[in-house]
Amino acid sequence: MLGIVYITAGDMKNASEIARELVSRRLAACVNMFPISSVFRWNDKIEEQNEIALLVKTDSSRLDEIITVVKSLHTYDLPAIEFWEIEGEQEYLDWVHVNSS
């Protein structure tokens, strides 16, 4: 099953470090990064913060390894790491599979 791993990072430096490591290890075919604004509850307070969202295109069989790498590099105590199954144009999905295996 192919999918997107959604991750947020506190800044572009950390996001880029995570993205480059995932792609270099062939855990991801591609990682898109873009700025977002987040509102969330942390330690019983409402927080608002600018973050970088990462969309990691990968095969679900790589998820455990991705989580391990992200946790080892991430600056947050509890990084957001979510997996979303995707469907799409088959030739592109084949490329994701080949490049994340």
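Readers should treat all values here as calculations from the given coordinates under stated rules, not as data from a laboratory. Values in this document were obtained by computation on a predicted structure and should not be read as measured data. Note that we place each Cβ from the backbone using ideal geometry, even for glycine, and neighbour counts take in every protein chain shown.
With the highest mean first, a sort of the peptides 7-13, 89-95, 30-36 on other beta-carbon atoms found within 10 angstrom per residue produces 7-13, 30-36, 89-95. Would you please state the base-10 log of I(q)/I(0) at q = 0.15, 0.18, 0.25 1/Å for the range 2-99, with intensities from the Debye formula using one equal scatterer on every alpha carbon? At q = 0.15, 0.18, 0.25 Å⁻¹ the computed log10 ratios are -0.58, -0.80, -1.32.
Taking the Cα centre of the chain as origin and assigning +1 to Lys and Arg Cβ atoms and -1 to Asp and Glu Cβ atoms, the resulting dipole is close to 320 debye. Here the simple spin-label model places points 7 Å from the Cα toward Cβ, and for F83 and R20 these points are separated by 2.7 nm. Listed by chain and number, the lysines whose C-alpha is less than 25 Å from the C-alpha of K57, apart from same-chain residues fewer than 8 away, are K13, K71. In deg cm²/dmol, rounded to 500, what helix-only [θ] at 222 nm does the chain give when every DSSP H run of at least 4 residues adds -39500 (n - 2.57) and the total is split over its residues? My calculation for the chain gives -10500 deg cm²/dmol from helical runs alone.
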